[in-house]
2 protein chains.
Amino acid sequence: MELAEHLSEFTQRDWQTVTDPDDRIRFALIGLGWFTEGAVIPALAESALCEVGTVVSGDRNKAARVRDEAGADRALTYDEFHAGEGRSNYDAVYIATPNATHLDFVESAADFGKAVLCEKPIAATTTHAERIAEACNDAGVMLMVGYRMHTNPAVRRMRELVSEGFVGDPVLVEGGMCQNVFEMISPDPNQWRLDADLAGGSALIDLGIYPLNTARFVLDTDPVSAQGTTTSSDDRFTEVDQHVSFEVEFEDGITAACVASQYAQQGSHFTVIGTDGRLTLDPAFFGEAQLAVRRGGAEADFSVEPVNEVAEEFDYFADRLLSGRDPVPDGEHALVDMRAIEAIYESAETGERELIKG
Amino acid sequence: MELAEHLSEFTQRDWQTVTDPDDRIRFALIGLGWFTEGAVIPALAESALCEVGTVVSGDRNKAARVRDEAGADRALTYDEFHAGEGRSNYDAVYIATPNATHLDFVESAADFGKAVLCEKPIAATTTHAERIAEACNDAGVMLMVGYRMHTNPAVRRMRELVSEGFVGDPVLVEGGMCQNVFEMISPDPNQWRLDADLAGGSALIDLGIYPLNTARFVLDTDPVSAQGTTTSSDDRFTEVDQHVSFEVEFEDGITAACVASQYAQQGSHFTVIGTDGRLTLDPAFFGEAQLAVRRGGAEADFSVEPVNEVAEEFDYFADRLLSGRDPVPDGEHALVDMRAIEAIYESAETGERELIKG
């Protein structure tokens, strides 16, 4: 394996098959929170494969304001969306509402025959996740879950290096993902991310999912058992886990030790340790691309110009839809994470290593 | 708290009370393996507080060779040591034999009224560790266990920063310690570190103890429960754990997620995550001193000239002995690690979170 070969075109879109479509995929963006407004709309403005068609919010005035600012064709309320209004104005939906509400929007979109890009986690519960996968499957619409790590160039190069044996046999994984939700997202102590019913949990389901899913993607393996401990040290986290540390055992005897926090100093990293080498992303999950590569006594650090991770994710979705190929992070893929997360939350209660149902 | 104040004299020996003793502490070095020969003897050659008095080996010829090379007064076999020969030539013993054999040497040293510096782990089993602590206690001799992290200046600065609130409330710890034992120590597949009876385990007891103990020291807290998973992927690890991932819950609700490997690409790191800041040592446990400090949006990296960690450890021991002060890593301190390690090995068998007996 040639390291230079893998890294010389670090940010290339090795997945892209469509570059200049006759028509771009027009999205209905459902849920106009900080991420949709601050990250998705700007990303789509520079996309050659996607555009904003419609914006959908629970708040009619907000929808109208965002429509005007984003240059969208149409603004809808949630009720209008569910009633099927204006559905000729979009080809696909992007769902970024509270986790527990994803299912309703997916079911409507599937009824309308629209492809679905659903934010991670796919749902607040495994049961909902199963129904989401089933609804899209039954309707024959494409479903992708928004794991932006899959199109992060540094993660993709890491995956190639592992698959070609650069680290020897991978044996251990370390990962962490921490943010300060009150600074990053909202100071509101009543925000949905702190509500057990709406979110399904917090540190683990919202942030621990990053190292968990990245381990699955980079190592091309699935988890078989897991255990974890959830804690909260702040009064605002009465219903959900503020912090989590967890361990996952994967199919090939590889184990991972991870931490995540919804309210702590921001930081992220992801390391694969093998018998002959070691690959680290730090920061890993905040859009940058810094890859440290070690093998034997040699080491190198690659720091490349960051890509727009959201543009990569949406364009990958559009590319799959336009070319008729299946996306890697589909409903079945997301279900495995949900089962692992459920097992870890269960372990935090029982104190036992829990098997992850297949 | 002033960051500059803590870091401006980064490598100062803030523990030192004796600088120019009338007589240096003369050691009997017991067990002349790679570490004693390659690290301890060179460290003592530059010490103002310690010197080599006697060298002790199971191999008479080796003892004689090392005596001549180190300029020691005397060479003894293990039997001669136990018989008390030449005991007027040393004030203290340093024990670096296989873990399961520490107890015998400690018992003889205690009988002779000599202070003991015992390598970590203190023993291969908790039972032996208890007897070691008891033997020294009963004889009234000082016992210190060789946790060189305690006198690593970067670890000490990290500890000060945490105790003065630099990271806010500490909430999570991440740590890892991996080496390739066949390159680092010996290619011999029959070496004692791979023998369950002599070593008591491998990845966890020999290497996982670094992040575990450093977490206790830096956070000034003790573990209450733990869980872990041990794996082996190489034929040479039939009796002992090649790799381990484990989680520890501490007294204040802080949790740690750690990995260790006895045969994987070398690497070490240690991170404390708090509500307001984050401190990372990387590398952490191989003698270097690199500390990354983050708080809010600010970050700084401190990379200072490495100190001789072994000289620091021996001089700390000598300073405690000469001044009559108790060392922090004494027998009771080491016993807590042994109980945690025993709990993690038990958890790897049972799949359950195990309480750590107090």
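Being modelled with pLDDT under 95 and not assigned by TED's automatic domain parsing to the domain that holds residue B:335, is that true of even one residue in segment B:92-114?
The initial filter retains those residues of segment B:92-114 that are modelled with pLDDT under 95, namely none.
No: segment B:92-114 contains no residue that is modelled with pLDDT under 95 and not assigned by TED's automatic domain parsing to the domain that holds residue B:335.
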For this session: Identify, by number, the condition in (1) crowded, with 17+ Cβ neighbours inside 10 Å; (2) within 14 Å of another protein chain (Cβ to nearest Cβ); (3) in a helix (DSSP H, G or I) that residue A:154 doesn't meet.
Result: (2)
Problem set entry | Among (1) more than 10 Å from every other protein chain (Cβ to nearest Cβ); (2) farther than 30 Å from residue A:297 by Cβ; (3) free of Cβ contacts under 8 Å to residues at least 60 places away in the same chain - the single one residue A:216 does not satisfy | (3)
For this session: Examine segment B:295-317 for a residue that is within 11 Å of another protein chain (Cβ to nearest Cβ) and crowded, with 18+ Cβ neighbours inside 10 Å, and state whether such a residue exists.
Result: yes
Exercise. Which ones in segment B:324-358 are of a type in the set (Asp, Glu), within 19 Å of residue B:200 (Cα to Cα) and within 13 Å of the chain's Cα centre (by Cα)?
Worked result: B:337
For this session: Return yes when residue A:328 is in a loop (DSSP other than H, G, I, E, B), of a type outside the set (Gly, Ala, Ser), modelled with pLDDT of 95 or more and closer than 16 Å to residue A:212 by Cα and no when it is not.
Result: yes
For this session: Evaluate the following for residue A:276: is it at pLDDT below 95, surrounded by fewer than 22 Cβ atoms within 10 Å (Cβ to Cβ) and in the same structural domain as residue A:206 (by TED's automatic domain parsing)?
Result: no
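Which residues, taken from segment B:291-338, are charged (D, E, K, R) and farther than 23 Å from residue B:268 by Cα? Reasoning before the result, please.
Residues of segment B:291-338 charged (D, E, K, R): B:294-295, B:299, B:301, B:305, B:309, B:312-313, B:315, B:319-320, B:325-326, B:330, B:332, B:337.
Correct list: B:315, B:319, B:320, B:325, B:326, B:330, B:332.
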Seminar exercise, completed: Scanning segment A:331-358 residue by residue, those out of contact with any strand residue (DSSP E or B) (no Cβ under 8 Å at 6 or more places or on another chain) and outside any helix (DSSP H, G or I) turn out to be A:357, A:358
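Which one of these is under 17 Å from the mean Cα position of the chain (by Cα) and not aliphatic (A, V, I, L, M): B:202, B:303, B:233, B:245?
Working: B:303 fails: under 17 Å from the mean Cα position of the chain (by Cα); B:233 fails: under 17 Å from the mean Cα position of the chain (by Cα); B:245 fails: under 17 Å from the mean Cα position of the chain (by Cα).
Among B:202, B:303, B:233, B:245, only B:202 is under 17 Å from the mean Cα position of the chain (by Cα) and not aliphatic (A, V, I, L, M).
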Exercise. All but one of (1) modelled with pLDDT under 95; (2) under 30 Å from residue B:29 (Cα atoms); (3) in contact with a strand residue (DSSP E or B) (Cβ under 8 Å, 6 or more places away or on another chain) hold for residue B:299; which doesn't?
Worked result: (2)
Problem set entry | Residue list for segment A:162-204, restricted to those being touching a strand residue (DSSP E or B) at 6+ places or on another chain (Cβ under 9 Å) and assigned to a helix (DSSP H, G or I) | A:162, A:181, A:182, A:183, A:184, A:203, A:204
Problem set entry | Members of segment B:163-193 found to be closer than 16 Å to residue B:262 by Cα, touching a residue at least 60 places away in the same chain (Cβ under 8 Å) and more than 14 Å from chain A (Cβ to nearest Cβ), listed by number | B:185, B:186, B:192, B:193
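Across segment A:245-288, what is the number of residues that are within 9 Å of chain B (Cβ to nearest Cβ) and closer than 21 Å to residue A:148 by Cβ? Reasoning before the result, please.
If we filter segment A:245-288 for residues that are within 9 Å of chain B (Cβ to nearest Cβ), which is where we start, we get A:245-249, A:252-261, A:263-267, A:269, A:271, A:273-278, A:280, A:282.
Adding the requirement that they be closer than 21 Å to residue A:148 by Cβ leaves A:248, A:256, A:258-261, A:266-267, A:269, A:271, A:280, A:282.
Matching residues across segment A:245-288 total 12.
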Exercise. Across segment A:286-320, what is the total count of residues that are touching a Pro at 6+ places or on another chain (Cβ under 8 Å) and more than 30 Å from residue A:21 (Cβ to Cβ)?
Worked result: 1
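Are any residues in segment B:218-243 in a loop (DSSP other than H, G, I, E, B) and within 21 Å of residue B:147 (Cα to Cα), and if so, which ones?
The initial filter retains those residues of segment B:218-243 that are in a loop (DSSP other than H, G, I, E, B), namely B:220-222, B:232-242.
B:220, B:221, B:222 - these are the residues of segment B:218-243 that are in a loop (DSSP other than H, G, I, E, B) and within 21 Å of residue B:147 (Cα to Cα).
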For this session: Spot the failing condition for residue A:291; the list is (1) surrounded by fewer than 20 Cβ atoms within 10 Å (Cβ to Cβ); (2) more than 8 Å from chain B (Cβ to nearest Cβ), and only one is missed.
Result: (1)
Seminar exercise, completed: So the helices (runs of 4 or more DSSP H) completely within segment B:1-83 holding 1 or more residues that are out of contact with any Leu (no Cβ under 8 Å at 6 or more places or on another chain) and either of a type in the set (Phe, Trp, Tyr) or at pLDDT 95 or above (or both) are B:41-45, B:60-70, B:78-82
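The values are calculated or read from the model by the stated rules, or taken from the named source; none is laboratory data. Just so you know, these numbers come straight off a predicted model, no measurement behind them. Virtual Cβ from ideal backbone geometry, glycine too; neighbours counted across all protein chains shown.
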